[in-house]
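> Got a structure for you, questions after.
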Amino acid sequence: MACFILLSFLLLLKPARTAGVTQQQQQQQGVEVVEVLVILPKNNSYVHSYPRVAPALLHAQQRLRAAGQFPGLTFKINYEDSECGNHALFALVDRACERRPDLILGPVCEYAAAPVARLASHWNIPMVTAGALAAAFSFKSGEYSHLTRVAPSYLKMAETFAAMFHHFAWKSALLVYEDDKGERNCHFIVEGVYMLLKDVKTYTYTFTSREQRLDTDDLLHGIYETEVVIMCMGADLIREVMLAAHRRRLTNGSTIFFNIELFNVSSYGNGSWKKGDKFDNEARQAYASLNTVTLLKTVKPEFENFSMEVKKSIQQADFNDCQDCGSINMFVEGFHDALLLYAIALHEAMKNGYNKKDGAQITALMWNRTFEGIAGPVSMDANGDRDQDFSIMAMTRPEAGTYEVVANYFAINGSFQVLSAFNMDHFTLRGRRKILPDTPDKSYGLGVSALTGIIVGALLGTALLMAFYFFRKNYRITIDRRTQRAECDIGKHRQLREDSIRSNFSAA
């Protein structure tokens with residue numbers, strides 16, 4: 001059944017053409033057939049799986065045909081399973097033995113994208129992806145020269161935090177993240193934040209959910225030593241941390257808490273405190289201190305139509321292994337825009353005398369430009385990375401536990417837009433305490449015993465100074481008395497010693 005569904009998508013994505021018309025004949029008729037290789041996971045447990053993205057690519061093709069801007073372009077889309085690992089490279093090499101693609105869409109996972117991007121650069125093939133978001137892919141002068149990223153990189157997201165730290169004058173941060181040792185999304189996103197908070201005293205706390213349970217007691221010691229806590233982990237773990245912090249009275253304004261909602265999907269912390277258990281009321285109170293950084297969501301009518309069409313296609317396919325395939329995340333949107341961007345750049349290249357095999361020229365034309373994407377204007381910077389706007393969400397009605405956007409960050413000019421729901425007190429530190437009242441410090445800063453040692457040492461030092469002062473005063477009085485008694489004797493014997501020295505030198 002799964003194979004049949006995937007085959008159906010492939011057939012849908014292939015351009016309609018008359019039976020018996022070859023690609024060579026199409027080219028002779030003035031039709032440029034672009035071979036597109038999509039390298040994405042088949043497994044729907046990935047939020048960027050091919051079955052999720054395929055309807056968006058179909059929509060992009062239909063949009064290009066309807067617009068009539070590029071009448072000579074036809075996209076032939078082929079699919080290979082990346083499996084989020086080395087299989088992506090092997091798939092590309094195997095496909096290239098038949099015919100090298102003109103365009104590579106994907107992969108997304110960092111460990112799959114890296115070798116494919118290197119080979120694409122070597123073969124002069126443009127690679128456009130909504131992934132490869134780690135900081136290392138920002139350095140494109142060498143092996144990633146043909147890589148274009150149509151989704152916001154982790155460094156772009158980190159700019160939001162850097163701007164907030166500068167604006168609110170926060171001085172220290174604890175970066176808490178879950179390392180799954182697989183895709184490692186949180187590892188790479190926290191790396192981006194760490195790189196941009198250069199002037200901030202930064203600590204990190206990591207744990208592997210597969211191998212260990214989150215030790216909230218140990219984590220809380222680190223929270224006591226920092227002003228701002230930035231977390232990247234699953235929604236259940238976020239809730240566990242916030243409940244523990246609330247029980248230690250750390251949600252009273254002494255610490256600012258942030259959660260990073262990745263990719264607009266619910267598998268990462270999404271600010272949801274309600275689970276229908278006995279801790280819901282306590283969690284609601286705790287989440288009043290939690291802010292969420294997420295992608296700025298569009299309200300463009302065309303995007304709503306796109307969302308409905310994609311959801312309808314997913315429902316018709318009836319994926320049994322995918323409960324949330326109908327949700328539109330940034331990968332679905334990104335790959336739609338990737339095909340549009342490539343079409344614009346290829347069209348311009350062909351007008352300037354180039355062809356689809358001039359990968360470097362086409363890549364250059366995709367960079368440093370703005371075009372209209374499915375959710376609104378898309379701005380690509382001079383490094384081939386998308387400038388993305390972000391929103392900061394906060395609980396504005398604690399009694400109801402509801403969140404809303406309180407501020408937006410605009411990447412192009414690095415500015416904040418403060419909305420009517422924004423409350424300055426919510427982002428102002430107050431009443432900080434440094435040590436836990438009932439639990440000794442185990443791993444961060446000065447513990448209770450260290451502080452006690454400092455106090456005792458200071459008292460002993462003061463006592464020694466006072467003892468020395470009284471001893472010196474008493475000793476000076478004694479010396480003065482002895483000096484008065486000895487002056488007569490010194491006067492009597494001084495002349496004898498001088499006479500003796502003279503006589504000795506005379507004798508010599």
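Read-outs: derived from the displayed coordinates by stated rules, not from any lab. Predicted model only: the values in this text are computed from it and were never measured. We place every Cβ from the backbone using ideal geometry, glycine too, and count neighbours over all the protein chains shown.
> Taking neighbour counts of Cβ atoms within 10 Å as a proxy for exposure, in what order, fewest first, do His48, His347 appear?
By the 10 Å Cβ count, ascending, the order reads His347, His48.
> What is the spin-label model distance, in nm, from Ser45 to Thr370 if the labels are put 7 Å beyond Cα along the C-beta direction?
4.2 nm
> I would also like to ask the following. Give the aspartates and glutamates whose C-alpha is closer than 15 Å to that of Lys311, dropping any in the same chain fewer than 8 places away, or say none.
Within reach: Glu302, Asp324, Glu333.
> Around Arg95, under 13 Å between beta carbons, what's the net of Lys plus Arg minus Asp minus Glu among the other residues?
After counting each charged neighbour, the total is -3.
> In nanometres, what is the gap between the two model label sites at Asn383 and Asp217, each 7 Å from Cα along Cα-to-Cβ?
With each label placed 7 Å out from Cα toward Cβ, I get 4.3 nm.
> Using modelled amide H (1.01 Å from N, peptide plane; none on Pro or chain starts), what sits under 5 Å from the amide H of Asp389, excluding residues fewer than 5 places away?
Leu296, Ala411
> Lys and Arg at +1, Asp and Glu at -1: add these up for the other residues within a Cβ distance under 10 Å of Cys84 and post the number.
-4
> Show me the GluC sites (Glu not before Pro) within the stretch 366-433 that DSSP assigns to loop and that have at most 16 other Cβ atoms within 10 Å of their Cβ.
Within the stretch 366-433, the qualifying GluC sites (Glu not before Pro) (loop, at most 16 other Cβ atoms within 10 Å) are Glu399.
> Show me, for the stretch 57-67, the HN-Hα J-couplings you get by feeding each phi into the Karplus relation (A = 6.51, B = -1.76, C = 1.60, θ = phi - 60°), rounded to Hz, glycine and proline as x.
Computed from phi, the couplings for the stretch 57-67 are 5, 4, 4, 5, 4, 5, 5, 5, 5, 5, 5 Hz.
> Pop the C-beta distance of Arg99 and Leu429 into the FRET formula with R0 = 51 Å and round what comes out to the nearest 0.05.
0.25
> Taking the alpha-carbon centroid of each part, what is the distance from the stretch 271-299 to the stretch 351-380 in angstrom?
Here the answer is 39 Å between Cα centres.
> I would also like to ask the following. Figure the gain on full extension for Lys201 and Phe410 (residue separation times 0.36 nm, minus the Cα-Cα span) and round it to one decimal in nm.
72.7 nm
> For a label point 7 angstrom out from the Cα of Gln417 toward its Cβ, which stretches of the stretch 384-407 have the backbone nitrogen within less than 12 Å?
389-392, 406-407
> Output ³J(HN,Hα) for the stretch 170-175: one whole-Hz value per residue in order, computed from phi by the Karplus curve 6.51 cos²θ - 1.76 cosθ + 1.60 with θ = phi - 60°, and x for Gly and Pro.
Result, ordered by residue: 6, 10, 9, 8, 10, 9 Hz.
> With respect to the cross-link table entries Lys140/Lys356; Lys312/Lys351; Lys198/Lys357, which display a Cα-Cα separation exceeding 30 Å?
Result: Lys312/Lys351; Lys198/Lys357 exceed 30 Å.
> Moving on. What is the spin-label model distance, in nm, from Tyr111 to Ala400 if the labels are put 7 Å beyond Cα along the C-beta direction?
With each label point 7 Å from Cα toward Cβ, the separation is 4.5 nm.
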